[in-house]
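Chemist: Before I ask anything, here is the structure I am working with.
Every number in this text was worked out from the coordinates using simple rules, so none of it is lab data. Note that this is a predicted model, so its numbers are computed, not measured. Neighbour counts are summed over all protein chains in view; Cβ atoms, including those assigned to glycine, are modelled from backbone coordinates with ideal geometry.
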């Protein structure tokens with residue numbers, strides 16, 4: 001079961017701002033992963049939504 005709401009409000013706002021401003025697609029993808037995890041999405045749901053492999057999501061969820 002995913003850990004929901006592990007980011008505090010300030011962290012979430014900073015990530016949302018960075019998601020809008022970041023130019024590099026790979027960084028935006030990683031930010032989006034953290035925000036979706038924080039919303040309670042599973043790694044499989046995130047991989048399907050973003051269109052990347054489950055292995056990629058699993059890697060960035062722990063690094």
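Chemist: Give the order of 46, 31 when sorted by the count of other beta carbons within 10 angstrom, beginning with the fewest.
Modeler: Arranged by neighbour count, lowest to highest, 46, 31 become 31, 46.
Chemist: If you project the alpha carbons of the chain onto their three principal axes, what span does each projection cover, largest first, in Å?
Modeler: Extents along the principal axes, in whole Å: 26, 25, 20.
Chemist: While we're on this one: Using just the helices of the chain, give the 222 nm mean residue ellipticity in deg cm²/dmol: DSSP H runs with n ≥ 4 each add -39,500 (n - 2.57), and the total is spread over all residues, rounded to 500.
Modeler: Dividing the helical sum by the residues of the chain leaves -21000 deg cm²/dmol.
Chemist: Could you grab the relative contact order for the chain? Cα pairs under 8 Å, six or more apart, rounded to a whole percent.
Modeler: Value for the chain: 36 percent.
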